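Have a look at the structure below before the remarks.
The values are calculated or read from the model by the stated rules, or taken from the named source; none is laboratory data. Since this is a predicted model, take the numbers as computed values, not measurements. Cβ atoms come from the backbone with ideal geometry, glycine included; neighbour counts cover every protein chain shown.
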Amino acid sequence: MAKIWILISGVLGGTATSSSEQLATLAGGTLDIRNGANLTLSNGIGAAANLVVGNGSTLSQTGGNLSGAISLLNLGTFNWAGGSWNAVGATTMIASGATLNLTTANAHDFNGRAIVNNGTLNWSEGAIRASQGGTLVNNATFNDSSTGQMGGTGTSGADLIFTNAANGTYVVSGGVTKTMGVAFTNLGTVDVQSGQLPVGGIVSGGVLSGGTWRVGDGARLNLNSDAAVAQNAATVVLAGAGSVFYGLNSLTSNTGSLSLLGRRAFATNAAVTNAGTLIVGSRSSFSTSSTFTNSGTLNVTGSFSAGGGLMNTGTLGGSGTFTGSLISAGTLSPGNSPGLLSVTGNLTLGGTSLLLMELGGTTRGTGYDAINVSGLLTFGGTLKLSCVNGFMPGSGASFTLFNGTSTGAFSTLDLSGALLPAGMGWDTTALYTSGVIGVSAIPEPSTYAALAGICALGLAVWRRRMGRKTS
């Protein structure tokens, strides 16, 4: 026989372990469940009573309505399997370390209530619905593996407002097309791992701004019914060859961050400018049949192609392959400490360019930075050489920094960061002919004196012989 608890005011706590208890009436009090207690509410609680769950305790709701404040403390768990939380002006706070589980196919309605998640919110079944100004704010982790919808209840007032805050991560993994009838704002991270997430009101005037949007392999992100995104001012990660974000196909300007990972290919016929960060990962690719202008950061480990040429005034790096004419008036930093950068076409280093190359070993492309150019390599600007990872080359070491036909010369060779052992110096005599820089011994002062003496003695002998011939 189930027990019925009736509390007029005060706190009900302790170590109760019943899994089927009912609380029929509670007026103006607080139900405080701690110390490993487990309690199931099947008829709800009346009279705006407050609930506190913590210290390893679990509260389960299978029916009825909760109209008071709900606080889930560290290590507290609330299993919401049925019933409702309808209460205008009430708040549910999920603290760090606490967990709220939304289970079963029943709808989870909370008209007028504010839910604030600072812990973990797991949604596996049923709908999430609210009207009358109901809100959901995620400041931590929200795992959505459900097939249910998120939206309003059809009652009066504004439907559900869902905000994924700056520190929030909303993970979608249900494998279905979600139904999202909510006003949605993303300031944190949305991670669509499977299925399709369609939300509106995000893209404005062709601009995507705010938050991080990650799309996994085989998943799809649908913003504003695949509205064209001409400018990306957010952080977008396309992680996988099958990651789908159709709106981004209209991209012409990146002022945020765009990462292509896991063999993701991106192709366009438009001229593209990058003032933000563009990362093309291993086996991934970016291509445009037009021009590409980089004033931000471009890092390529995969492949990059610009039919109309690439102009760099920002920072360009990586160990990938560039196809097309590449002109750098900014910073060029081959490798990913270190690596090999390949250019299929011409590479022109302008007068304002800075070429950063690192030496960390003696193997080309893995031990030290190198550049291969299939077309014409034009030197200019500054070459700054640095030794990394404690590496210090010895006498006789040589490094083929460049492969390809070259012309021109650097205006400045900065070798201050490439320290050598005492008595050693850099030999740059072959730099512009074969792309090689080497290390050789510097003769000691006594060696110079001996050489000078030998030369002087030879000169004296020569003069004496010449004097005899003329007498």
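Taking G314, is it among the small types (G, A, S), in contact (Cβ under 8 Å) with a residue 40 or more places away in the chain, surrounded by fewer than 22 Cβ atoms within 10 Å (Cβ to Cβ) and closer than 25 Å to R264 by Cα?
Taking the combined requirement at face value, the residue satisfies it.
Checking T104 against (1) among the β-branched types (V, I, T); (2) closer than 17 Å to G151 by Cβ; (3) outside any strand (DSSP E or B): exactly one of these is not met. Which one?
All conditions pass for T104, except number (2).
Using the structure shown, decide if I279 is in a strand (DSSP E or B), within 17 Å of S353 (Cβ to Cβ) and not acidic (D, E).
Here the answer is no, as I279 does not meet what is asked.
If we keep just the residues of region 145-173 that are among the hydroxyl-bearing types (S, T, Y) and in contact with a strand residue (DSSP E or B) (Cβ under 8 Å, 6 or more places away or on another chain), which is farthest from G133 (Cα to Cα)? It would help to see each step written out before you state the result.
Taking region 145-173 as the starting set, the residues that turn out to be among the hydroxyl-bearing types (S, T, Y) are 145-147, 153, 155-156, 163, 169-170, 173.
Pick out the ones that are also in contact with a strand residue (DSSP E or B) (Cβ under 8 Å, 6 or more places away or on another chain) and you get 145-146, 153, 163, 169-170, 173.
On the way: S145: 25, S146: 23, T153: 11, T163: 13, T169: 23, Y170: 21, S173: 27 Å.
Filtering first and then ranking leaves S173.
Which condition number does G242 fail, the rest of (1) free of Cβ contacts under 8 Å to residues at least 40 places away in the same chain; (2) in contact with a Leu (Cβ under 7 Å, 6 or more places away or on another chain) being met?
It fails just one condition, (2).
Look through region 123-151, keep the residues that are among the small types (G, A, S) and buried (at least 21 other Cβ atoms within 10 Å of the Cβ), and return whichever of them is nearest to G97 (Cα to Cα).
Across region 123-151, the extreme among qualifying residues is S146.
To keep it simple, each residue is scored yes or no on (1) at pLDDT below 95; (2) farther than 25 Å from S67 by Cα; (3) out of contact with any helix residue (DSSP H, G or I) (no Cβ under 9 Å at 6 or more places or on another chain).
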position	(1), (2), (3)
S124	no, no, yes
N139	no, no, yes
T153	yes, no, yes
N167	no, yes, yes
V176	yes, yes, yes
V190	no, yes, yes
L197	no, yes, yes
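Please pick out the residue among N86, N55, N43 that is assigned to a loop (DSSP other than H, G, I, E, B) and buried (at least 19 other Cβ atoms within 10 Å of the Cβ). Step through it out loud before you land on a result.
Working: N55 fails: buried (at least 19 other Cβ atoms within 10 Å of the Cβ); N43 fails: buried (at least 19 other Cβ atoms within 10 Å of the Cβ).
Every option except N86 fails the conditions.
Scan region 221-244 for residues that are under 14 Å from S284 (Cβ atoms) and assigned to a loop (DSSP other than H, G, I, E, B) and jot them down.
Correct list: G240, A241, G242, S243.
Kindly check whether there is at least one residue in region 300-317 that is outside any strand (DSSP E or B) and under 15 Å from N372 (Cβ atoms).
Taking region 300-317 as the starting set, the residues that turn out to be outside any strand (DSSP E or B) are 301-302, 307-309, 313-314.
Still in the running and under 15 Å from N372 (Cβ atoms): none.
No.
Would you check if there is a residue in region 263-270 being part of a loop (DSSP other than H, G, I, E, B) and surrounded by 21 or more Cβ atoms within 10 Å (Cβ to Cβ)?
Yes.
Which residue out of T348, T277, T362, T344 is under 26 Å from T235 (Cα atoms) and polar (S, T, N, Q)?
Of T348, T277, T362, T344, the one residue that is under 26 Å from T235 (Cα atoms) and polar (S, T, N, Q) is T277.
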